[in-house]
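A.B. asks: Can you read through this structure? Questions will come right after.
Each reported figure results from applying straightforward, stated rules to the coordinates on display, with no laboratory input. Predicted model only: the values in this text are computed from it and were never measured. Reconstructed Cβ throughout: ideal geometry from the backbone, glycine too, with neighbour counts over all protein chains shown.
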Amino acid sequence: MKLNKIKLILGISALTIAIPSFVLFTYYTLLDWYFLDNVTQEIMKNKDKISERKMNYLLSRELSHRINVTATGTWTLMTAIIGLQAVSLITTNDDKS
């Protein structure tokens, strides 16, 4: 009985941290993905018209956004896994009656 209470407390605690974290990281992942798409479209649209300096700048912005999407996407996935583990802790029924 005491182990069930501990699992419930840990599950609720993890879930209260995981849900806001998941929302926050998902927001920033999608925001960076939007910026990455914009930079990529600008590069493709103007690749023959812009100077080499501007192209290098755009390519560096693209790389920066790719790294950010990867990093925040990893955190999003990690918080989703923590949330699923929290739900499994909350819903586990170990009663041996």
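A.B. asks: Quickly work out the L30-to-M78 label distance, labels modelled 7 Å from Cα along the C-beta direction, and quote it in nm with one decimal.
C.D. replies: 2.2 nm
A.B. asks: Once fully extended, how much extra length lies between I19 and Y57, figured as 0.36 nm per residue of separation less the alpha-carbon to alpha-carbon distance?
C.D. replies: This chain segment gains 10.0 nm when fully extended.
A.B. asks: Given labels modelled 7 Å from the Cα in the Cβ direction, how far is it in nm from I12 to R66?
C.D. replies: Modelled inter-label distance: 4.6 nm.
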